[in-house]
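> Take this structure first; my questions come after.
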Amino acid sequence: MYSELTDEERRRYEWQLWVPDFGEEGQRRLKGASVLISRVGGVGGAVAMQLAAAGVGRLLLAHAGNVRLDDLNRQLLMTTDWIGKPRIESAARRLRELNPHVEVETLGENVTEENAAGLVARCDVAVSAAPLFSERFLMNREAVRQGKPLVDCAMYDLEGRLTTVQPGRTACLSCLYPESPPNWKREFPVFSAVASTVGSLAAMEVIKVVAGIGKPLAGRLLTLDLRDMRFATVPVARDTQCSVCGSCSPVAPPKA
Ligand SMILES: [Zn+2]
């Protein structure tokens, strides 16, 4: 979907319109796009902030719970005056302050079996930024089933991981992780600088996928370790036996 830009939008986005292969065409594509973000905490909050700044037309955010004091070291959409009140309201308020042109839709729940299909159906690109593998697998399954691109991003300690799933063309999250890593926990060591780095990289992936520029991490996994500043990209092959995207899977998309 393409949307014409107003003069005010041309001024707001002027510095990114200078990116040669992006330009007005890329900006119109961003304006016409809907992006779902599963959780807007440390990582997903950075994704949302970057995409709002860049001018994605519609952000659909899912995140449960109320702001806690110990969210504030990393969840940059949450504010001290909002402690005890819904996180999703704080996130939406901050994003609207940053860019009132962006339509922000909120759901004060995390992604579940009940809501995943409906949420993914309403987006052009999905971003999975939840720490729990159960939610990330759900997003992956629905994205593959519906043929929607999915950016999966995660972090732990000073490390991050990122990949982009293009259903029917590339490995999916379940090809990469056939089962939940057994030691994964909901609470983990984190600096905002690491979460925001991973979230910003994921936002760049979304911008590239929507605008059709650059080379997304399709079929590749980016690993980063900020303790010694090591970045690596490794190819990820599709698993033909994958329970989600393999040839025998009930949810596998039609062959591209
Ligand atoms: Zn797969």
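The values are calculated or read from the model by the stated rules, or taken from the named source; none is laboratory data. Values in this document were obtained by computation on a predicted structure and should not be read as measured data. Neighbour counts run over all protein chains shown; Cβ positions are idealised from the backbone, glycine included. We work out accessible area using only protein heavy atoms, side chains counted, and drop any ligands, DNA or RNA first. Shrake-Rupley method; radii C 1.70, N 1.55, O 1.52, S 1.80 Å.
> If we keep just the residues of region 89-101 that are open to solvent by less than 10 Å² (accessible area, probe 1.4 Å) and out of contact with any His (no Cβ under 8 Å at 6 or more places or on another chain), which is nearest to Leu30 (Cα to Cα)? Let's see the steps before the verdict.
First pass over region 89-101, keeping only residues open to solvent by less than 10 Å² (accessible area, probe 1.4 Å): 90-92, 95, 99.
Those left that are additionally out of contact with any His (no Cβ under 8 Å at 6 or more places or on another chain): 90, 92, 95, 99.
Values: Ser90: 24, Ala92: 19, Leu95: 16, Asn99: 14 Å.
Top of the filtered list is Asn99.
> Given the structure, is Glu113 surrounded by fewer than 20 Cβ atoms within 10 Å (Cβ to Cβ) and in a loop (DSSP other than H, G, I, E, B)?
On the way: surrounded by fewer than 20 Cβ atoms within 10 Å (Cβ to Cβ): yes; in a loop (DSSP other than H, G, I, E, B): yes.
Considered against the rule, which asks whether it is surrounded by fewer than 20 Cβ atoms within 10 Å (Cβ to Cβ) and in a loop (DSSP other than H, G, I, E, B), Glu113 comes out as yes.
> Out of the residues in region 133-180 that are open to solvent by less than 60 Å² (accessible area, probe 1.4 Å) and away from the ligand (no atom under 16 Å from the Cβ), state the one that is nearest to the chain's Cα centre (by Cα).
Cys153
> Still on this model: Is region 185-198 home to any residue that is within 11 Å of the ligand (Cβ to nearest atom), open to solvent by 40 Å² or more (accessible area, probe 1.4 Å), out of contact with any Ser or Thr (no Cβ under 7 Å at 6 or more places or on another chain) and modelled with pLDDT under 95? So that I can check it myself, show each step before the final result.
To start, the set of residues in region 185-198 that are within 11 Å of the ligand (Cβ to nearest atom) comprises none.
No, region 185-198 contains no residue that is within 11 Å of the ligand (Cβ to nearest atom), open to solvent by 40 Å² or more (accessible area, probe 1.4 Å), out of contact with any Ser or Thr (no Cβ under 7 Å at 6 or more places or on another chain) and modelled with pLDDT under 95.
> Under 9 Å between Cβ atoms, which residue pairs at least 6 apart in sequence (or on different chains) link something in region 217-235 that is open to solvent by less than 60 Å² (accessible area, probe 1.4 Å) with a partner that is among the aromatic types (Phe, Trp, Tyr) and not in a strand (DSSP E or B)?
Pairs found: Leu226/Phe191.
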